[in-house]
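Each remark here refers to the structure printed beneath this line.
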Amino acid sequence: MNGKTAYCLFAAVFILFLSVCVYTDFKEGKIKNFMPVLITALAVWYRGGILGCSFPYLSLPGMLIPFLVLFPVFMIRGIGAGDVKLLMACGAAAGGEHIWKIMFAAFFLGGIEGLIAGRVKKEKAKKVHMALPAAVGACLWLGGIL
């Protein structure tokens, strides 16, 4: 499989998996545990098998950064565990050099989502579905915009 074909396959499946995460977050209020695992496995396949990079060298920092930054926020119930795992999976795909951009975009867009939800409901939004902003941030990275 050549590089362009592998990248297109990776991008299509990555977007599909992110879409499932967004759907389940809105429908059920949580992200199923197996979806971040599938995204991480996809990232390992692409980074390791196609790009020829070693998994720990590039993917592990991308997974550790969201965990270390967001675990304290999770402990005070500021973010859900599924959101942390989803951003860790995105970090496995993007690597440590790009996960900061994805996280910034996700929280910026999540803040906008919270403001809009608060305006529509005329009260403070109780829950912001972070899967959508995280998926949009990951897609922006995937498209080369971030």
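Laboratory data are not the source of any read-out in this text; all were calculated from the coordinates shown. This structure is a prediction, so every number in the text was calculated from the model and none was measured. Cβ: placed from backbone, ideal geometry, glycine included. Neighbour counts: every protein chain shown.
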Count of segment 1-52 residues which are basic (Lys, Arg) and within 17 Å of Leu86 (Cα to Cα): 3
Filtered residue count, segment 14-33, keeping only those that are at positive phi and surrounded by 16 or more Cβ atoms within 10 Å (Cβ to Cβ): 0
Unmet criterion (only one of (1) at positive phi; (2) touching a helix residue (DSSP H, G or I) at 6+ places or on another chain (Cβ under 7 Å)) for Arg77: (2)
